[in-house]
Amino acid sequence: MSEAKIACRNLWKLYGSDPAGFLRRNHNNPSIETIRAEGYVPAVRNVSFDVMPGEILVVMGLSGSGKSTLLRCLARLIEPTSGEVMFEGRDILAATEHELIDLRRHKMGMVFQHFALLPHRTVLDNVAFPLQVRGTDRQKRERRAREVIELVGLKGREGYYPRELSGGQQQRVGIARSLAVGPDVWFLDEPFSALDPLIRREMQDEFLRLQKVLNKTIVFITHDFDEAIRVADRIAIMKDGVVEQLGTAEELVTCPATPYVAEFTRNVSHDRLLSVRAVMAPASSRKPDAAAVQAQALIASVARQVLTSERPVDVIDDAGALVGTLTRDGLIDALYGKEQCA
Amino acid sequence: MSAATLTRQEAMEPQKPLAAMTRPLLVVLPFLVLLLAASLLPDWAVQVPKGWTIPFVDWANMVFDHLRDDAIFGLFSFRDLTRGAAELITWPLAFVEGLLVSGFPDIGIAAMPWVMTAGLSGVLGWYLRDWRLGALAAGCVAYMAIFGKWELSMITLSVVLVAAPIAGLIGFGIGILAVKKQWFEALVVPLLNVLQSLPHFSYLIPIAIFIGVGHKAGAIATVIFAIPPMARLTILGLKGVAEEVREAGKMAGCTRFQTLWMVEIPSARQPLLVGVNQVIMQCLAMVVIASFVGARGLGHDLLFRLQALKIGQALESGVAIVLMAITLDQLSRAAAHKEPSHLAPDASLLQRFPFLAASLAVIAASLLLAAITPYAQAWPSELALSTAPFWDALVDWITVTLYDPLQYLRNAMLLYVLIPIRDLFQSIPWTAMVALVAAAGWSLGGFRLAAIVSGFVLFIAFAGYWERSLITAYMVTVAVLLCIMIGLPIGIWASRSERRTGIAKLLCDTFQTFPSFIYLIPVIMLFKVGDVAAISAIIIYAMIPIVRYTIFGLRNVPQEIVEAGITSGCTQRQLLWNIRMPLAFPEIMLGINQTIMFALFMVIIAAFIGTKDIGQEIFRALTFNDAGKGLVLGLCVAFMGLTADQLITAWATRRKQKLGLAG
């Protein structure tokens, strides 16, 4: 396994009069009751996780759960109270201002909820902005900006000003700007929350298409669980500054770690989320049936076959080897009750 | 448990009618007791004893004298320094004046032909908004030429054109520093509060001492007066930049300097340009008043004619000032609201630089025209039109036809309203006033606010001008009450429809641009001099904010709540009194706050028409170059305004929070 691109360990962010001293006095692990009793506001509490290269980690939570603060701590837009954030193995919290600027100019890109475009600059100048501040000459930066603008599908709008564009188009500019320097790590802070539902869906598809081409390491913030399922490799669910559970969408749905996570995942339709592999029963090795189904297929796509079959249906992997069987009862349990945790 | 904490707790509970009354009663009770028992109180508690006066004036004069006579920095004294700095402003002033009106005789270059000035103003208006603004701008400039106000108006314009950029840059710098350095903000914001509530004249006296009198001193006073609003709007604008936009700059890898210059300042463009608009308007207002220390131009002309009671000619100058105010305001406002838009990719050079192209065309055309006919270079004075005879005829007509009713009105006002109220005010023991203000402060903002506002009132009491201050307070109170009685209904009426609101806003905007001094002309015309005239002038001027805020408050009541009222079956009247008014009331109070500020500004200027209040004393201080007295009196006025401001703002903020309204 390769090294994590971003790793955070025991990250804390509290607001109040002397948060660092308060944390030290409480042995770096005060309870939520102590925090509130002493008048501190918890934003991020003891968060640790790794983001692997090329992975999309979605941080999901309701407003006030601390998800945006967590993202800003990773980018060091906000100073964490304690803990560490490693970026490619380097401690980002120890970086000088100069190193930090250098890092942002070459390695990081960020997309904002309300687009955060500069109103006085054209689309082209907005996208070229990160290149301009790092000193790329005009010809080069405009060539690069045109490339990215075309990539996000805004060719022909280079001379427009942000206010002349629709919300979806403005966010495309925001995306283009964040990609202009060719960053390794891509932070997205509720990028599609301010858009209409239809546009939001279209932009999610666009995002997935881009990621297929670009293969960035991504931390994606959202308050929309459906969005999280659509785009995530792994999802972290936050509440009151704490990561309640971190895992794949399947894991969250089938084995919620806390009642809060269960509450969230209860209304997710399982058939479009769970794969056959997640609900099958193991089988001893033998030659699979001719009518076997693929292990990574979603159960929605095999439901009719399984439910109309008298016998258990064989499940095979990519190589065609038998990996398990799926019974009617197993499928019904997966859809309507009796959750099984590995 | 004291009675005080008791009421506080009661206020938390669901309010019983009696409990709701306790609090206001508690605030006015000590005041009423002291007022009614005034005859029983010892003398020292009624009148501020002479011996108690703290010699603020002498202390201030010691500082001023020291600076004037003794302070030496190396080779220069402080006065050399200020006079030297003042000398610097004469160069750009001479240059702009040369360009606009006097020409450069030394090198044989004439001033711009008036048609060129008019044409360029027109192009600017067209570029910034549309051809109508262009026509307005060109028309106003042409008016100056054709009606024989060319020289005076161009001299005034020169001061504005030189003073505004200097004041703007200084204010901008102060604003940036305040946003970036917290200690500086803590220092400068209270100072700005006081500076913005000081009457115009208080700026003039130190200027007269350190720089002298004359045109140059007027220009400097103008610069200094216009700095605070720019600083304030810079702070407001930069703080208003969305945090996300700032973060976007940081994530793009901006250094601190790049974040400021490439992200924050351009994003705050609009509030900054509104600041520029404010600076320009303040400059114009001040350059008119600076005629008291010898600034030339339209203001000087107006002052001269008013003193000679030549109303017709004064009105003529007044109209010129008003036209200049409207033009400058509209142009700078248009600049603030102009948004960039994209060009077609195949845009021609003309489409890319329309302003430059049109300006060059105007310059060429007017030079050509000036070569053909001298009328285009300078409008001959024998052809200048004058409206003075018309105005004089109007004044005569008013005097003849309206003399009796006006006299009657004036006397009735004096006898039955003004004099009784003045006597009442003068009978208020100073201790009662302190008690009232302190109790109000305590009730609205706790101990801290009580300490601040009673500190203000104590300063006024011990500065030695208590009686004069009471007269000022009485005039302001009467004027503000009348403003509310007239302005509130106007505001309610105007808020009823989109069209009325549009008209009322246009009128408010227009009237607000007029330098306050202008408002003296019509009241002198109607009431000559004295308290009635002064109060009338204050009412006209100070009515603007109450009307404006009433409209704003009523129209900004959340639509959903209004609809909830309609679907509950409210009549229009019920909607107004049960829904719109209660929700708009905090905003209306802020309007009253502004009205008080405006009234204080005007009451001082009204000293010119013979009042007996603090303004008169400031006026006298100006005549005798008594800087210490001028400053202390100015502070008295500023503290009166700030007391009202602190209390009303605290109340409105609390009320808005209670109603769950933003802001």
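The values are calculated or read from the model by the stated rules, or taken from the named source; none is laboratory data. All values reported here derive from a predicted model rather than from experimental measurement. No Cβ is skipped: glycine too gets one built from the backbone with ideal geometry, and neighbour counts run over all protein chains shown. Ligands, DNA and RNA are stripped out before the accessible areas are found, and what is left, the full protein with its side chains, is counted by its heavy atoms. Shrake-Rupley method; radii C 1.70, N 1.55, O 1.52, S 1.80 Å.
Kindly list the number of the only condition in (1) open to solvent by less than 30 Å² (accessible area, probe 1.4 Å); (2) in a helix (DSSP H, G or I) that fails for B:I224.
Against the list (1) open to solvent by less than 30 Å² (accessible area, probe 1.4 Å); (2) in a helix (DSSP H, G or I), B:I224 comes up short only on (1).
Of the numbered conditions (1) buried (at least 19 other Cβ atoms within 10 Å of the Cβ); (2) under 26 Å from A:R45 (Cβ atoms); (3) more than 9 Å from chain B (Cβ to nearest Cβ), A:M86 fails exactly one; give the number of that condition.
For A:M86, the exception is condition (1).
Quick check: anything in the stretch B:593-611 in a loop (DSSP other than H, G, I, E, B) and polar (S, T, N, Q)? Walk me through how you get there before you give the answer.
Initial filter on the stretch B:593-611 (in a loop (DSSP other than H, G, I, E, B)): B:610-611.
Remaining after also requiring polar (S, T, N, Q): B:611.
Taking every residue of the stretch B:593-611 in turn, at least one turns out to be in a loop (DSSP other than H, G, I, E, B) and polar (S, T, N, Q).
Right, A:L165: of a type outside the set (S, T, Y) and away from chain B (no Cβ under 11 Å) or not?
Values: of a type outside the set (S, T, Y): yes; away from chain B (no Cβ under 11 Å): no.
So A:L165 does not fit the description; no.
Quickly run through the stretch B:227-238 and pick out the residues that are more than 29 Å from B:A295 (Cα to Cα) and open to solvent by 10 Å² or more (accessible area, probe 1.4 Å). It would help to see each step written out before you state the result.
First, pick out the residues of the stretch B:227-238 that are more than 29 Å from B:A295 (Cα to Cα): B:235-238.
B:I235, B:L236, listed by residue number.
Within the stretch A:65-72, identify whether any single residue is under 14 Å from A:V242 (Cα atoms), more than 14 Å from every other protein chain (Cβ to nearest Cβ), touching a residue at least 24 places away in the same chain (Cβ under 8 Å) and part of a loop (DSSP other than H, G, I, E, B), and answer yes or no. Walk me through it before giving the result.
The first filter runs over the stretch A:65-72 and keeps only residues under 14 Å from A:V242 (Cα atoms), leaving A:65-71.
If we keep only those that are more than 14 Å from every other protein chain (Cβ to nearest Cβ) as well, we get A:65-67, A:70.
Retained after the next criterion (residues that are touching a residue at least 24 places away in the same chain (Cβ under 8 Å)): A:65-67, A:70.
Checking the rest, the ones that are also part of a loop (DSSP other than H, G, I, E, B) come to A:65-66.
Taking every residue of the stretch A:65-72 in turn, at least one turns out to be under 14 Å from A:V242 (Cα atoms), more than 14 Å from every other protein chain (Cβ to nearest Cβ), touching a residue at least 24 places away in the same chain (Cβ under 8 Å) and part of a loop (DSSP other than H, G, I, E, B).
Would you point out the residue of the stretch B:259-275, among those that are open to solvent by 30 Å² or more (accessible area, probe 1.4 Å) and over 24 Å from B:P190 (Cα atoms), that is farthest from the chain's Cα centre (by Cα)?
Within the stretch B:259-275, the first condition is being open to solvent by 30 Å² or more (accessible area, probe 1.4 Å), and the residues that meet it are B:261-262, B:267, B:269-271, B:273-274.
Those left that are additionally over 24 Å from B:P190 (Cα atoms): B:261-262, B:267, B:269-270.
Values: B:W261: 30, B:M262: 32, B:S267: 27, B:R269: 23, B:Q270: 20 Å.
Per the stated criteria, the residue is B:M262.
Go through A:Q139, A:Q113, A:Q170 for me and flag whichever is open to solvent by 20 Å² or more (accessible area, probe 1.4 Å), closer than 25 Å to A:P53 by Cα and either in a loop (DSSP other than H, G, I, E, B) or more than 8 Å from every other protein chain (Cβ to nearest Cβ) (or both). Step through it out loud before you land on a result.
Details: A:Q139 fails: closer than 25 Å to A:P53 by Cα; A:Q170 fails: closer than 25 Å to A:P53 by Cα.
Exactly one residue qualifies, and that residue is A:Q113.
Which of the residues that make up the stretch B:292-310 are of a type in the set (G, A, S), modelled with pLDDT under 90 and open to solvent by less than 10 Å² (accessible area, probe 1.4 Å)? If you could, list the steps in order and put the result at the bottom.
If we filter the stretch B:292-310 for residues that are of a type in the set (G, A, S), which is where we start, we get B:294-295, B:297, B:299, B:308.
If we keep only those that are modelled with pLDDT under 90 too, we end up with B:294-295, B:308.
Answer for the stretch B:292-310, where residues must be of a type in the set (G, A, S), modelled with pLDDT under 90 and open to solvent by less than 10 Å² (accessible area, probe 1.4 Å): just B:A295.
Looking at the stretch B:239-258, can you tell me whether even one residue there is surrounded by fewer than 23 Cβ atoms within 10 Å (Cβ to Cβ) and more than 14 Å from chain A (Cβ to nearest Cβ)?
Within the stretch B:239-258 (the criterion being surrounded by fewer than 23 Cβ atoms within 10 Å (Cβ to Cβ) and more than 14 Å from chain A (Cβ to nearest Cβ)), the answer is yes, since at least one residue qualifies.
Mind telling me which of the residues B:A371, B:A357 ends up being without any contact (Cβ under 8 Å) to a residue 40 or more places away in the chain, assigned to a helix (DSSP H, G or I) and closer than 17 Å to B:G134 by Cα?
Numbers: B:A371 fails: closer than 17 Å to B:G134 by Cα.
Every option except B:A357 fails the conditions.
Show me the helices (runs of 4 or more DSSP H) found entirely inside the stretch B:99-211 where at least 2 residues are of a type in the set (S, T, N, Q).
Correct list: B:114-128, B:150-180, B:182-197.
Taking the condition of being outside any loop (DSSP other than H, G, I, E, B), more than 7 Å from chain B (Cβ to nearest Cβ) and under 15 Å from A:L179 (Cβ atoms), how many residues in the stretch A:116-131 meet it?
Looking only at the stretch A:116-131, we keep the residues that are outside any loop (DSSP other than H, G, I, E, B), and these are A:123-131.
Next, only the ones that are more than 7 Å from chain B (Cβ to nearest Cβ) stay: A:123-128, A:131.
After this cut, where a residue has to be under 15 Å from A:L179 (Cβ atoms) as well, the list is A:123-124, A:126-128, A:131.
Of the residues in that region, 6 qualify.
For A:L62, work out the one condition from (1) open to solvent by less than 30 Å² (accessible area, probe 1.4 Å); (2) assigned to a loop (DSSP other than H, G, I, E, B); (3) more than 11 Å from chain B (Cβ to nearest Cβ); (4) of a type in the set (A, V, I, L, M) it doesn't fulfil.
(1)
Just wondering, is there one or more residues in the stretch A:233-249 that are of a type in the set (S, T, N, Q) and under 22 Å from A:H106 (Cβ atoms)?
Looking only at the stretch A:233-249, we keep the residues that are of a type in the set (S, T, N, Q), and these are A:245, A:248.
From what is left, the residues that are under 22 Å from A:H106 (Cβ atoms) are none.
There is no residue in the stretch A:233-249 that is of a type in the set (S, T, N, Q) and under 22 Å from A:H106 (Cβ atoms).
If B:A621 passes every condition in (1) surrounded by fewer than 18 Cβ atoms within 10 Å (Cβ to Cβ); (2) touching a Lys or Arg at 6+ places or on another chain (Cβ under 7 Å); (3) not aromatic (F, W, Y) but one, which one does it miss?
(1)
Quick one: in the stretch A:29-50, of everything that is in a strand (DSSP E or B) and open to solvent by 50 Å² or more (accessible area, probe 1.4 Å), which residue is farthest from A:G241 (Cα to Cα)? Explain how you work it out, then say what you get.
Of the residues in the stretch A:29-50, the ones in a strand (DSSP E or B) are A:41-50.
From what is left, the residues that are open to solvent by 50 Å² or more (accessible area, probe 1.4 Å) are A:41, A:46, A:48.
Details: A:V41: 10, A:N46: 8, A:S48: 12 Å.
Among those residues, the one meeting the criterion is A:S48.
Against the condition in contact with a Pro (Cβ under 7 Å, 6 or more places away or on another chain) and not assigned by TED's automatic domain parsing to the domain that holds A:Q204, how does A:L322 come out, does it pass?
Working: in contact with a Pro (Cβ under 7 Å, 6 or more places away or on another chain): yes; not assigned by TED's automatic domain parsing to the domain that holds A:Q204: yes.
The answer is yes for A:L322.
May I ask you to verify whether B:E587 is open to solvent by 10 Å² or more (accessible area, probe 1.4 Å), at pLDDT below 90, within 18 Å of B:E498 (Cα to Cα) and of a type outside the set (F, W, Y)? Walk me through how you get there before you give the answer.
Values: open to solvent by 10 Å² or more (accessible area, probe 1.4 Å): yes; at pLDDT below 90: yes; within 18 Å of B:E498 (Cα to Cα): no; of a type outside the set (F, W, Y): yes.
No, not satisfied.
Quick check: anything in the stretch A:73-84 free of Cβ contacts under 8 Å to residues at least 12 places away in the same chain, within 21 Å of A:F187 (Cα to Cα), in contact with an Asp or Glu (Cβ under 6 Å, 6 or more places away or on another chain) and not hydroxyl-bearing (S, T, Y)?
Looking through the stretch A:73-84, at least one residue is free of Cβ contacts under 8 Å to residues at least 12 places away in the same chain, within 21 Å of A:F187 (Cα to Cα), in contact with an Asp or Glu (Cβ under 6 Å, 6 or more places away or on another chain) and not hydroxyl-bearing (S, T, Y).
Condition first: in a helix (DSSP H, G or I) and acidic (D, E). Now tell me which residues in the stretch B:612-636 satisfy that. Talk me through it step by step, then tell me what you get.
Taking the stretch B:612-636 and keeping what is in a helix (DSSP H, G or I), we get B:614-623, B:627-636.
B:E617 - this is the single residue of the stretch B:612-636 that is in a helix (DSSP H, G or I) and acidic (D, E).
Scan the stretch B:290-320 for residues that are farther than 17 Å from B:E151 by Cα and part of a loop (DSSP other than H, G, I, E, B) and jot them down.
Across the stretch B:290-320, the qualifying residues are B:A308, B:L309, B:K310.
Tally the residues that are without any contact (Cβ under 8 Å) to a residue 24 or more places away in the chain, within 14 Å of another protein chain (Cβ to nearest Cβ) and not in a helix (DSSP H, G or I), restricting the search to the stretch B:321-353.
Of all residues in the stretch B:321-353, those without any contact (Cβ under 8 Å) to a residue 24 or more places away in the chain come to B:339-353.
Filter again for within 14 Å of another protein chain (Cβ to nearest Cβ), leaving B:339-347, B:351-352.
Checking which are not in a helix (DSSP H, G or I) leaves us with B:339-347.
The qualifying residues number 9.
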